[in-house]
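Here's the structure, in structure tokens; my notes come after.
The values are calculated or read from the model by the stated rules, or taken from the named source; none is laboratory data. Here the structure is a predicted model, which is why all the values come from computation and not from measurement. All Cβ positions, even for glycine, are placed from backbone atoms using ideal geometry, and neighbour counts span all protein chains on display. Surface accessibility is based on the protein's heavy atoms, side chains included, excluding ligands, DNA and RNA. Shrake-Rupley method; radii C 1.70, N 1.55, O 1.52, S 1.80 Å.
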Amino acid sequence: MKATYLDPTVGQYMLAHTTLPDDVLDALAVETRELTGDSAGMQISPDQGRFLTMIAQIHGAANAVEVGTFTGYSSICLARGLAPGGRLTCFDVNEEWTAIARRYWERAEVTDRVELRIGPAAERLRELPEEPAVDLAFIDADKANYTVYYEILMSRLAPGGLILVDNTLWSGHVADPTRDDDTVRHMREFNDMVSTDGRVTSIMLPIADGLTMIRKH
Ligand SMILES: C[S@@+](CC[C@H](N)C(=O)[O-])C[C@H]1O[C@@H](n2cnc3c(N)ncnc32)[C@H](O)[C@@H]1O
């Protein structure tokens, strides 16, 4: 369970009452643990994946962007929720991990709607054209650059577009005054910036490690 800041009994109850992932996502979770070891902890959780698919569906997302693909779990969840003809552009620096993602895009039958761009996302995101505007973005990469990714995406986001940001509660440490390391500081600064950004409406959701949903006016 990633929502370690919740009472474990409540957290397990919530997971037990959320629609389960399918066999492809289950197999990806197993293979990610086998092939990436401790890094597998970076993978989003099944409930978060369910939320991403449902938000993409509800929003009717047609031009989505993901920053931080790893072995592909969240990209499959987003791609499955896209509107007919929709596209997902994924950004990551790691060829080895995203090779696993490519294999699972085939298995999930979403390869036709997903494109991967390898390289530092702060550089590669700037290559995105202004049109068509992005209508849904998911940020789940290096925390130090969250503000950079947010600003680039904001400049390409349609009015009413959504940005979803992972790890914004950082195991609850952002709200614990005794915690103070680089990542905690990055996440606090990011959360403070979003909550005072007059261009958007935002809400922090207690899903997994904290998921902030941001809507551009
Ligand atoms: C938390 S993982 C993403 C997990 C993924 N969303 C999933 O569902 O499994 C973070 C990813 O960000 C990537 N990353 C780290 N720094 C990056 C950078 N500067 N530019 C692009 N990707 C980066 C890592 O290679 C890693 O795959």
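Points worth noting:
- Residues located in segment 152-174, provided they are assigned to a helix (DSSP H, G or I) and touching a Phe, Trp or Tyr at 6+ places or on another chain (Cβ under 8 Å): S171, G172
- Residue count for segment 1-33, restricted to those that are within 21 Å of the chain's Cα centre (by Cα), open to solvent by 60 Å² or more (accessible area, probe 1.4 Å) and polar (S, T, N, Q): 2
- The number of residues in segment 83-98 being open to solvent by 20 Å² or more (accessible area, probe 1.4 Å), in contact with a strand residue (DSSP E or B) (Cβ under 8 Å, 6 or more places away or on another chain) and among the hydrophobic types (A, V, I, L, M, F, W, C) comes to 1.
- For segment 42-63, filtered to residues that are within 13 Å of the ligand (Cβ to nearest atom) and under 17 Å from A108 (Cβ atoms), the residue that is surrounded by the most Cβ atoms within 10 Å (Cβ to Cβ) is L52.
A quick yes/no check of all residues on (1) farther than 10 Å from F91 by Cβ; (2) in a helix (DSSP H, G or I); (3) touching a strand residue (DSSP E or B) at 6+ places or on another chain (Cβ under 7 Å):
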residue	(1), (2), (3)
E109	yes, no, no
D112	yes, yes, no
R117	no, no, yes
R124	no, yes, yes
L136	yes, no, yes
A141	no, no, yes
A144	yes, yes, no
V148	yes, yes, no
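- Annotation note: of A122, A175, A141, the sole residue that is closer than 20 Å to I214 by Cβ and open to solvent by 50 Å² or more (accessible area, probe 1.4 Å) is A175.
- Members of segment 114-154 that are more than 24 Å from R102 (Cβ to Cβ) and without any contact (Cβ under 8 Å) to a residue 24 or more places away in the chain: E131, E151
- Test: A101 is open to solvent by less than 10 Å² (accessible area, probe 1.4 Å) and either within 9 Å of the ligand (Cβ to nearest atom) or not in a strand (DSSP E or B) (or both): yes
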